[in-house]
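Asks: Just dropping this structure here.
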Amino acid sequence: MALPFARSLCLCRRGAKRLGAAAAEARRGISFKLEEKTAHSSLLLFKGDTGVKYGMVGLEPTKLALNVERFREWAVVLADTAVTSGRHYWEVTVKRSQQFRIGVADVDMSRDSCIGVDDRSWVFTYAQRKWHTMLANEKAPVEGMGQPEKVGLLLEYEAQKLSLVDVSRIAVVHILQTDFRGPVVPAFALWDGELLTHSGLEVPEGL
């Protein structure tokens, strides 16, 4: 027996809605928080561990739980969710910071190093009002990006690319070619001010 037209139309709409939701979920990137046990003693997490602020003094190292995952020499913190495939997009709000680094790093990078210094992290760095890429302590200038209030990062694991995104135009400013060999996590370093992360976002159309 044929379904009544109204019921058939309703079922079609429900199916389309489910397909649309599935497509949106496929475009959605990782959702993460910052991992406190990796945070250097000069860094404080806030807003449900989605933000990090720099303190000149910071926490007394003797009051921190001892663990091998904490960065010991540099003001670095890693996210708690690793990426092994797919395309992922997140944004970072910059508050009163004139010197910071944002990017991704191997989950097991040395805790005595800093992101951008070794060859197992890939970052964009902002200092002295200029942007650079940074890998293995080598810098290259990034043009077309001014002093940030909010920036985006697009990670394409299989394509081995990390892109800096101008969120005001939803446009890629610079692409950093990577060399992923295993799981990587969002990574952050800063020496003043605050960074607030926004994850679980859909990859913007056109990127």
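The values are calculated or read from the model by the stated rules, or taken from the named source; none is laboratory data. Predicted model only: the values in this text are computed from it and were never measured. Neighbour counts run over all protein chains shown; Cβ positions are idealised from the backbone, glycine included. Each accessible area value is taken on the protein alone, full model and side chains, heavy atoms only, with ligands, DNA and RNA left out. Shrake-Rupley method; radii C 1.70, N 1.55, O 1.52, S 1.80 Å.
Asks: I'd like to check something: does the stretch 75-82 contain any residue that is open to solvent by 50 Å² or more (accessible area, probe 1.4 Å), more than 13 Å from the chain's Cα centre (by Cα), modelled with pLDDT of 95 or more and at negative phi?
Replies: Among the residues of the stretch 75-82, not one is open to solvent by 50 Å² or more (accessible area, probe 1.4 Å), more than 13 Å from the chain's Cα centre (by Cα), modelled with pLDDT of 95 or more and at negative phi, which makes the answer no.
Asks: Answer with yes or no whether E25 is under 24 Å from the mean Cα position of the chain (by Cα) and at pLDDT below 55.
Replies: For E25, the condition - under 24 Å from the mean Cα position of the chain (by Cα) and at pLDDT below 55 - is met.
Asks: While we're looking at this one, here's another question. Say we look at the stretch 111-142 and pick out the residues that are at negative phi and of a type in the set (K, R); which of these is surrounded by the most Cβ atoms within 10 Å (Cβ to Cβ)?
Replies: If we take residues in the stretch 111-142 being at negative phi and of a type in the set (K, R), then R120 is surrounded by the most Cβ atoms within 10 Å (Cβ to Cβ).
Asks: OK, next. If a residue has to be farther than 13 Å from G103 by Cβ and of a type in the set (A, V, I, L, M, F, W, C) to count, how many in the stretch 166-182 make the cut?
Replies: 5
Asks: Related question: Out of L190, L176, L164, I need the residue that is touching a Phe, Trp or Tyr at 6+ places or on another chain (Cβ under 8 Å), aliphatic (A, V, I, L, M) and under 14 Å from E91 (Cβ atoms). Which one?
Replies: Exactly one of L190, L176, L164 is touching a Phe, Trp or Tyr at 6+ places or on another chain (Cβ under 8 Å), aliphatic (A, V, I, L, M) and under 14 Å from E91 (Cβ atoms), namely L164.
Asks: I've got another one for you. Within the stretch 144-181, which residues are open to solvent by less than 20 Å² (accessible area, probe 1.4 Å) and among the hydroxyl-bearing types (S, T, Y)?
Replies: S163, T178
Asks: Now for a different question. Can you pull out the residues in the stretch 93-110 that are among the β-branched types (V, I, T), within 21 Å of R169 (Cα to Cα) and surrounded by fewer than 21 Cβ atoms within 10 Å (Cβ to Cβ)?
Replies: T93, V94
Asks: To continue, here is another question. For V184, are the conditions met, namely being more than 23 Å from A75 (Cβ to Cβ), open to solvent by less than 10 Å² (accessible area, probe 1.4 Å), of a type in the set (V, I, T) and touching a residue at least 40 places away in the same chain (Cβ under 8 Å)?
Replies: So V184 does not fit the description; no.
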